[in-house]
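The structure appears below as C-alpha cells.
Just so it is clear, none of the values below were taken in a lab; they were calculated from the coordinates. All values derive from a computational prediction rather than experimental measurement. Counting neighbours? That spans all protein chains shown, and the Cβs are built from the backbone with ideal geometry, glycine included.
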Amino acid sequence: MALKFYNFLTRKKENFKSLRPKQVGFYACGPTVYDYAHIGNLRTYIFEDILKRTLEYNGYKVNHIVNITDVEDKIIRESQKTGKSIADFVKPYEKAFFEDLKKLNIEKAQKYPKATRHIKEMIKIIEALLKKGLAYESDGSIYFDISKFSAKGGSASVGKYGKLSGLKSRELKAGARVDVDEYDKASAEDFVLWKAPKESNLPTWSASFGAGRPGWHIECSAMSMKYLGETFDIHAGAVDLLFPHHENEIAQSEGATGKPFVKYFIEGEHLSVNGEKMSKSLGNIFNLHDLEAKKFDPLALRYLALTAHYRSKLNFTWESLQSAQNALSNLRDLIVNLKNQPRSDVLIHDNQKIVNRFKKKFLGRINNDMEMPAVVALLWEVVKSEKLSPKTKYDLIIDFDKVFGLNLGKIEVKKIPVKVLQLAKEREKYRQAKNFAKSDILRKKIESLGWLIDDSSSGPKIKKK
Ligand code: AMP
Ligand code: ZN
C-alpha cells in the first residue's frame with residue numbers, strides 16, 4: 001500500500017519514495033536548550049516519532065538525526081543573566097529533554113549532534129557561499145544574499161528563495177538585513193550567517209572571514225548535511241519553522257551545494273491553549289513536570305496527541321488530558337484481561353479474513369499521511385470486536401502499538417493462578433451443562449481467591465477483582 005505524506009514543498013500529498021532503497025535520512029529540528037521543553041514542543045517530538053515509526057512499520061531503516069541548539073541568541077541572553085558559562089547553563093535543560101523523550105516512549109535518534117561541536121562544518125558552508133557570491137560581509141558579520149540566490153537559481157528544485165513558505169505573500173526587502181535569529185515573519189531579508197562579536201564576553205570562534213559565532217539557521221544546514229548527505233529524504237519540525245528557519249536552511253544549503261537539499265518537508269501543527277499557540281513568550285506553557293504533579297501519566301499526553309491529526313491544531317485542556325488518561329487506563333485494563341485469558345479456553349476460531357481486514361485498514365490509514373485519529377478509532381473497533389479471540393486481539397493491538405508507541409506490550413500482568421484456572425474450567429463445564437447452582441458455587445470460590453469471571457459472548461473472561 002503506497003505510503004503518502006503531505007509535502008510542504010509542493011503543498012500536496014505525495015507518494016513517498018526514498019532516495020536509497022528502504023533507507024530514509026530524516027532530520028528533525030531539536031530543542032534550543034535555554035529552558036525546559038513545554039508540551040507544545042513535546043507534541044512536535046511525538047509527531048516526529050509517529051512519522052519515524054510509520055516509516056519503520058513500512059520496513060524502512062530510518063537514520064534519524066535531531067540537533068541540539070546550544071548556541072543562539074536566546075541561550076546567550078539567558079546564560080548571561082545567570083552568569084554561567086553556556087555549557088553549564090544548558091546542561092540541566094539538555095538532561096531534561098532526554099528524560100522527557102524517555103517518559104514519552106520516543107524512540108532514540110541515531111545521533112543528537114550539538115551546534116557547538118559543528119562550527120567547522122558551518123564555516124565551510126559559509127566559505128562556499130562567499131566564494132559563489134551568495135554571501136557578503138558587513139560590519140564584520142556575514143549575510144546571505146537572497147536576491148543573488150534567487151537570480152542565480154530559479155529552477156524548481158534548486159535555488160529559489162521562498163519556495164517552501166511562499167515568498168509571494170511576503171515582501172522581499174532588497175538589501176535589507178536582519179541580525180537576529182528569529183525575526184519579522186512578514187518580510188524576507190538577508191539573514192545573518194555569522195555574527196561578529198559586539199561585546200568582548202560573547203562566545204566566538206575564529207574563521208577565515210573573521211571571528212564570530214554562527215546564526216541559528218546555518219547550524220541545521222551543517223548538522224543535517226554532515227550526517228545525512230547534501231540531499232536527504234525528510235526534514236521535519238513544527239509549522240512555525242517553515243519561515244524563516246527552514247526557508248533559510250534550504251537557501252544556504254542549496255546555495256552552497258547546487259543540489260536539492262531535502263525531498264519532503266513534513267511539518268506539524270501547534271499545540272494551543274485557548275486558541276493561541278503555546279509559547280514561552282505568551283506565558284501559556286506547561287511542561288511534563290506540571291502534568292506529573294497533577295498525577296497524569298506522561299503517556300496520556302502521547303495518547304492525546306494521537307487523537308488529533310498532526311496537521312491540525314490541538315487545543316490543550318486539562319479535561320481533554322483527563323479523557324486521554326481514562327482511555328489509556330481502560331486500554332491497559334483491557335490488555336491485562338486479554339493477556340490473562342487462558343489460551344486453551346479460547347472459544348473463537350479467528351476468521352483470518354477479519355484479521356486481515358483490520359491489518360489492511362491500519363496500514364491504509366497510517367500510510368495516508370498518518371491519519372492517527374482514524375487509527376485510534378480502529379484500535380477501539382478491534383478492542384470491541386466480538387469476532388476476534390483474546391490472543392488475536394492482543395496480537396493486533398501490540399502490532400498497532402509499534403506505531404502508537406503507548407508501551408502496551410510492557411504492561412505488567414498478574415498471572416492467573418493455576419488453581420483459579422482449574423476452577424474456571426470446571427465452572428465452565430457446569431455452565432455449559434446448564435447446572436447453574438454448581439457453577440455459581442465455583443464462581444464464589446473463584447471470587448474468594450480474588451478473581452472475577454465475566455461471561456462475555458466470546459466466552460468466560462477472568463479478571464483480577
Ligand atoms: P524550540 O526548542 O523552541 O526550538 O522548539 C522545538 C520544537 O518545538 C520545534 O520544532 C518547534 O517548531 C516546536 N514548537 C514550538 N512551539 C510549539 C507549539 N506550541 N506546538 C507544537 N510545536 C511547537
Ligand atoms: Zn533547525
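Rank these for me by crowding, Arg213, Arg431, going from fewest to most other beta carbons within 10 Å. Let's see the in-between values first.
Values: Arg213 22, Arg431 18.
Taking fewest neighbouring Cβ atoms as first place, the list is Arg431, Arg213.
If you place +1 on the Cβ of every Lys and Arg, -1 on the Cβ of every Asp and Glu, and leave all else neutral, what size is the dipole of region 418-464 about its Cα centre, to the nearest 20 Debye? Display every interim value, and only then the final one.
Details: 13 positive and 6 negative charges, 21 e Å.
Charge dipole, region 418-464, about its Cα centre: 100 debye, nearest 20.
Mind putting a number on the dipole of the chain about its Cα centre? Charges go on the C-beta only, +1 for Lys and Arg and -1 for Asp and Glu, and I need it in Debye to the nearest 20. Before the final figure, lay out the partial values.
Values: 80 positive and 58 negative charges, 529 e Å.
Its charge dipole is roughly 2540 debye.
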Q. Cα centroid distance between region 105-146 and region 251-310, in Å?
A. 24 Å
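On a 28 Å Cα-Cα criterion, which of the cross-link pairs Lys4/Lys61; Lys61/Lys131; Lys17/Lys111; Lys295/Lys445; Lys263/Lys410; Lys17/Lys280 come out too long?
Working: Lys4/Lys61 17 Å; Lys61/Lys131 37 Å; Lys17/Lys111 23 Å; Lys295/Lys445 36 Å; Lys263/Lys410 36 Å; Lys17/Lys280 37 Å.
Too far apart for the 28 Å limit: Lys61/Lys131; Lys295/Lys445; Lys263/Lys410; Lys17/Lys280.
What share of Cα pairs, in percent, lie more than 19 angstrom apart in region 392-465?
Numbers: 1241 of 2701 pairs.
Distances greater than 19 Å cover 46 percent of the Cα pairs.
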Q) Simple spin-label model, 7 Å along Cα-to-Cβ: Glu230 to Leu452 in nm? A) 6.6 nm
Q. At a Förster distance of 25 Å, what's the computed FRET efficiency of Lys13 paired with Lys361, Cβ-Cβ distance as r, to 0.05?
A. 0.85
Q: Would you mind ranking Glu219, Glu319, Glu121 so that the residue whose beta carbon has the fewest other beta carbons within 10 Å leads the list?
A: Glu319, Glu121, Glu219
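List Thr44, Thr317, Thr231, Thr307 from most exposed to least, where exposure is judged by having the fewest other Cβ atoms within 10 Å. If you can, show how the numbers build up before the last one.
Working: Thr44 26, Thr317 11, Thr231 18, Thr307 15.
Ascending number of Cβ neighbours within 10 Å: Thr317, Thr307, Thr231, Thr44.
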Q.
Against the 2.2 N^0.38 Å scaling, with N counting residues, where does region 340-465 land? I'd like the Cα-based Rg ratio to two decimal places.
A. 1.25
**Q.** Ellipsoid equivalent to the chain - semi-axes via the Cα gyration tensor, in Å
**A.** 53, 24, 17
Q | Extension gain, Gln80 back to Ser385 (0.36 nm per residue minus Cα-Cα distance, nm) | A | 103.9 nm
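For region 317-410, report the convex hull volume of the alpha-carbon atoms normalised per residue, in Å³, without decimals.
Values: hull volume 8.9 nm³, N = 94.
Cα-based convex hull of region 317-410, divided per residue, equals 94 Å³.
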Q. Relative to the first principal axis of the alpha-carbon coordinates of the chain, what is the inclination of helix 86-103, with its axis defined by its Cα atoms, in degrees from 0 to 90 and to the nearest 10?
A. 30 degrees
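To the nearest 20 Debye, how big is the dipole of region 4-273 about its Cα centre, given +1 on the beta carbon of each Lys and Arg and -1 on that of each Asp and Glu? Could you put the intermediate results ahead of the total?
Numbers: 42 positive and 36 negative charges, 199 e Å.
The calculated dipole for region 4-273 is roughly 960 debye.
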Q: Go ahead and collect, in residue order, the members of region 57-79 whose backbone nitrogen is under 16 Å from a label point 7 Å along the Cα-Cβ direction of Lys91.
A: 79
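Tally Lys/Arg at +1 and Asp/Glu at -1 over every other residue whose Cβ is under 13 Å from the Cβ of Arg365; what's the total?
Numbers: positive: Lys4, Arg357, Lys359, Lys360, Lys361; negative: Asp369, Glu371, Glu381.
With Lys, Arg at +1 and Asp, Glu at -1, the neighbours total +2.
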Q.
Could you give each residue of region 70-82 its phi-based ³J(HN,Hα) in whole Hz, using Karplus coefficients 6.51, -1.76, 1.60 with θ = phi - 60°, and x for Gly or Pro?
A. 10, 8, 4, 3, 5, 4, 4, 4, 5, 5, 5, 4, 8
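If you add up the charges near Ser320, with Lys and Arg at +1 and Asp and Glu at -1, over every other residue whose beta carbon is less than 14 angstrom from its beta carbon, what do you get? Please report the intermediate quantities before stating the final value.
On the way: positive: Arg43, Lys294, Arg302, Lys313; negative: Glu319.
That sum, taken over residues with Cβ under 14 Å, equals +3.
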